[in-house]
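**Student:** This is the structure I have questions about; it appears just below.
The values are calculated or read from the model by the stated rules, or taken from the named source; none is laboratory data. All values derive from a computational prediction rather than experimental measurement. With ideal geometry, Cβ positions are generated from the backbone for all residues, glycine too; neighbour counts draw on all protein chains shown. The area values use the complete protein model at the heavy-atom level, side chains included, leaving out ligands, DNA and RNA. Shrake-Rupley method; radii C 1.70, N 1.55, O 1.52, S 1.80 Å.
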Amino acid sequence: MEMKEILNRMLNHEELTREETKNILVSITREEIPEEQITALLTCLQMRGVSVEELLGFRDGILETGVPAILDCDRYIDVVGTGGDRKNTFNISTTSCFVIAGAGYKVAKHGNYSATSVSGASNVIAEHGVKFSADIDILNRSINEAGIVYLHAQLFAKAMKFVGPIRKALQFPTVFNLLGPIVNPSQPQAQLLGVANLNQMRLYSQVYQRIGIDYGIVNSIDGYDEISLTGDFKVTTNNYERIFNPSDLGFETAKPEELVAGATEKEAKEIFDSVLENRALPAQKNIVLANAAFGIQVMEKGRKSIDECIEIARESIDSGNALNTFKKFVELNS
C-alpha cells in the first residue's frame, strides 16, 4: 500500500493493521519512505494514540530487521522502565536485575543510554568497564555463568538508527518511545515493566496478553515509572490488579530526594554500587527490594506472596549474592 493512502487513512483517524505497521517499519529500514512522510506518520500516531495492533506491528518489524539474541536458557526475565518520567532516579531497574539474578533467577536485561536522566542502564554498566557485545557465545556464557546478560539496544534494534534524526527533530515522544520495553532481542518469557501513567499500563497489559508472556506492570501514582515507595503504586499482572501502599510491604514512605541519581554518571554509579554492597540509604535499598520482589513474583508465576519475594530479594543483598553476581558479570563482560 502506498504511503499516500496510509497517511490519508491516518488523517481520517483510521487504525492500521499489525501487518501494515510491520511493513512500514521494514520499508523504513530499506529507506523506501521519505523522511517527510515518516514525520507525518509519527505525528498522526502521536496525536491519535497508537493501537495495540499498530504497536505489535512495529515490534514485529523491529525484531525481524534486527539482530536476534537466541539465549540457551529456558526462562528469564527483563526488568525495564519506559523512561521519560523526568524524575532522574538512580538505576533502580538495573540494580533490581542483579538482585533478582543474585537470588538465583536468570535475567536478560535490555537497555540503552539515558535520554532523560543522568544515567541509563547502559551508562551505569559501561561505567564499570563492561564492553557491550552481540556475540551470542559471550551472551550465553554471561547468562549461564553469571545468571544475567546485558543486551545493549543499539547493537540489536537496527531500525532505530533510521528514525533517530527524525525523533530528535520532532522533540516529542513518538511510538518508538513505547517500543523499547517490548523489543528485547532475546524475547524473554517474563517481564516487569515500569510505566509513567495508567494509560500506558492499560496499553502494555493488552500487548503482553497478545504476546503471551508472564508480566507485571507497575506505576507509582505520583508519576514514577517504577515502584518509588513515595506513595501509593499500582501493579497489574497476569494474576491480579491492585493498589499498594509502601506500608503494605512493611516499608516506610520514601522522600523523592532519596531516589535521585545525582548530577553525574559517577554519582549514579556510586548509588548503584552502594545498594549491591548493602551500604545504601534504607530508602534506596527498600526501593530496589520492592522492584526486585515484584520481578521475582512474576518469575514465580504469582505462586509466592509478595512478602516471600521481598525476603528472597533481601537475602540476595544481605548474603552478598547480588554483589558477587555483579562482580562475575563484570569479569565475564570486560
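**Student:** Among LEU151, LEU63, which is part of a helix (DSSP H, G or I) and either touching a Leu at 6+ places or on another chain (Cβ under 6 Å) or modelled with pLDDT of 95 or more (or both)? Break it down stepwise before answering.
**Tutor:** Working: LEU151 fails: part of a helix (DSSP H, G or I).
Going through LEU151, LEU63 in turn, just one is part of a helix (DSSP H, G or I) and either touching a Leu at 6+ places or on another chain (Cβ under 6 Å) or modelled with pLDDT of 95 or more (or both): LEU63.
**Student:** For residues in the stretch 246-292 being over 23 Å from LYS327 (Cβ atoms) and among the aliphatic types (A, V, I, L, M), which is surrounded by the most Cβ atoms within 10 Å (Cβ to Cβ)?
**Tutor:** Ranking the candidates gives ALA290 first.
**Student:** So which residues in the stretch 109-131 are surrounded by fewer than 16 Cβ atoms within 10 Å (Cβ to Cβ), over 17 Å from PRO181 (Cα atoms) and not basic (Lys, Arg)?
**Tutor:** Listed by number, the residues that qualify are HIS128, GLY129.
**Student:** Considering only residues that are among the charged types (D, E, K, R), without any contact (Cβ under 8 Å) to a residue 60 or more places away in the chain and open to solvent by less than 70 Å² (accessible area, probe 1.4 Å), which ones fall in the stretch 299-331?
**Tutor:** GLU300, LYS304, ARG314
**Student:** SER142: open to solvent by less than 10 Å² (accessible area, probe 1.4 Å), small (Gly, Ala, Ser) and at pLDDT 95 or above, yes or no? Working first, answer last.
**Tutor:** Values: open to solvent by less than 10 Å² (accessible area, probe 1.4 Å): yes; small (Gly, Ala, Ser): yes; at pLDDT 95 or above: yes.
Against the criterion (open to solvent by less than 10 Å² (accessible area, probe 1.4 Å), small (Gly, Ala, Ser) and at pLDDT 95 or above), SER142 qualifies.
**Student:** Can you pull out the residues in the stretch 217-265 that are of a type in the set (A, V, I, L, M, F, W, C) and farther than 23 Å from ILE182 by Cβ?
**Tutor:** To start, the set of residues in the stretch 217-265 that are of a type in the set (A, V, I, L, M, F, W, C) comprises 217-218, 221, 227, 229, 233, 235, 243-244, 249, 251, 254, 259-261, 263.
Answer for the stretch 217-265, where residues must be of a type in the set (A, V, I, L, M, F, W, C) and farther than 23 Å from ILE182 by Cβ: ILE221, LEU229, ILE243, PHE244, LEU249, PHE251, ALA254, LEU259, VAL260, ALA261, ALA263.
**Student:** OK, next. Is one or more of the residues making up the stretch 168-179 over 14 Å from the mean Cα position of the chain (by Cα) and small (Gly, Ala, Ser)? Give the steps one after another, and end with the answer.
**Tutor:** Filtering the stretch 168-179 down to residues over 14 Å from the mean Cα position of the chain (by Cα) leaves 168-175.
Remaining after also requiring small (Gly, Ala, Ser): 169.
Among the residues of the stretch 168-179, at least one is over 14 Å from the mean Cα position of the chain (by Cα) and small (Gly, Ala, Ser), which makes the answer yes.
**Student:** Continuing with this model, one more query. So which of GLY231, GLY216, GLY164 is over 18 Å from the mean Cα position of the chain (by Cα) and either part of a loop (DSSP other than H, G, I, E, B) or touching a residue at least 12 places away in the same chain (Cβ under 8 Å) (or both)?
**Tutor:** On the way: GLY216 fails: over 18 Å from the mean Cα position of the chain (by Cα); GLY164 fails: either part of a loop (DSSP other than H, G, I, E, B) or touching a residue at least 12 places away in the same chain (Cβ under 8 Å) (or both).
The conditions single out GLY231.
**Student:** A follow-up question, please. Among the residues of the stretch 42-92, which ones are touching a helix residue (DSSP H, G or I) at 6+ places or on another chain (Cβ under 7 Å), of a type in the set (S, T, N, Q) and either open to solvent by less than 30 Å² (accessible area, probe 1.4 Å) or within 19 Å of THR325 (Cα to Cα) (or both)?
**Tutor:** Result: THR82, THR89, ASN91.
**Student:** Among what's in the stretch 3-39 and is more than 26 Å from ARG210 (Cα to Cα), assigned to a helix (DSSP H, G or I) and touching a residue at least 40 places away in the same chain (Cβ under 8 Å), pick the residue that is least open to solvent (accessible area, probe 1.4 Å).
**Tutor:** Residues of the stretch 3-39 that are more than 26 Å from ARG210 (Cα to Cα), as a first pass: 3-5, 7-8, 11-12, 30-39.
If we keep only those that are assigned to a helix (DSSP H, G or I) too, we end up with 3-5, 7-8, 11, 35-39.
When the remaining residues are screened for being touching a residue at least 40 places away in the same chain (Cβ under 8 Å), the result is 35, 38-39.
Numbers: GLU35: 112, ILE38: 9, THR39: 45 Å².
So, considering only residues that are more than 26 Å from ARG210 (Cα to Cα), assigned to a helix (DSSP H, G or I) and touching a residue at least 40 places away in the same chain (Cβ under 8 Å), the one least open to solvent (accessible area, probe 1.4 Å) is ILE38.
**Student:** How many of the residues in the stretch 245-272 are outside any helix (DSSP H, G or I) and in contact (Cβ under 8 Å) with a residue 24 or more places away in the chain? Lay out the reasoning, then the answer.
**Tutor:** Pass one, the stretch 245-272, residues outside any helix (DSSP H, G or I): 245, 250-255, 260-264.
From the residues that got through so far, the ones that are in contact (Cβ under 8 Å) with a residue 24 or more places away in the chain too are 250-255, 260-264.
Of the residues in that region, 11 qualify.
**Student:** Working carefully through the options PHE233, PHE294, PHE251, find the one that is of a type in the set (Phe, Trp, Tyr) and in contact with a Phe, Trp or Tyr (Cβ under 9 Å, 6 or more places away or on another chain).
**Tutor:** On the way: PHE294 fails: in contact with a Phe, Trp or Tyr (Cβ under 9 Å, 6 or more places away or on another chain); PHE251 fails: in contact with a Phe, Trp or Tyr (Cβ under 9 Å, 6 or more places away or on another chain).
From the options PHE233, PHE294, PHE251, the qualifying one is PHE233.
**Student:** Moving to a separate point now. Just one of (1) open to solvent by less than 10 Å² (accessible area, probe 1.4 Å); (2) over 28 Å from GLY104 (Cβ atoms); (3) modelled with pLDDT of 95 or more trips up ARG202, so point out which.
**Tutor:** (1)
**Student:** Is there a residue being out of contact with any helix residue (DSSP H, G or I) (no Cβ under 7 Å at 6 or more places or on another chain), modelled with pLDDT of 95 or more and open to solvent by less than 40 Å² (accessible area, probe 1.4 Å) anywhere in the stretch 160-176?
**Tutor:** No, the conditions are met nowhere in the stretch 160-176.
**Student:** Does the stretch 291-298 contain any residue that is out of contact with any His (no Cβ under 9 Å at 6 or more places or on another chain), in contact (Cβ under 8 Å) with a residue 12 or more places away in the chain and over 30 Å from GLY212 (Cβ atoms)?
**Tutor:** First, the residues of the stretch 291-298 that are out of contact with any His (no Cβ under 9 Å at 6 or more places or on another chain): 291-298.
So of that shortlist, the ones also in contact (Cβ under 8 Å) with a residue 12 or more places away in the chain come out as 291-298.
If we keep only those that are over 30 Å from GLY212 (Cβ atoms) as well, we get none.
Within the stretch 291-298, not a single residue is out of contact with any His (no Cβ under 9 Å at 6 or more places or on another chain), in contact (Cβ under 8 Å) with a residue 12 or more places away in the chain and over 30 Å from GLY212 (Cβ atoms).
**Student:** Out of all the residues in the stretch 205-239, which are open to solvent by 20 Å² or more (accessible area, probe 1.4 Å), hydrophobic (A, V, I, L, M, F, W, C) and touching a strand residue (DSSP E or B) at 6+ places or on another chain (Cβ under 7 Å)?
**Tutor:** Scanning the stretch 205-239 gives ILE213, ILE221.
**Student:** Kindly list the number of the only condition in (1) part of a helix (DSSP H, G or I); (2) open to solvent by 60 Å² or more (accessible area, probe 1.4 Å) that fails for ARG242.
**Tutor:** (1)
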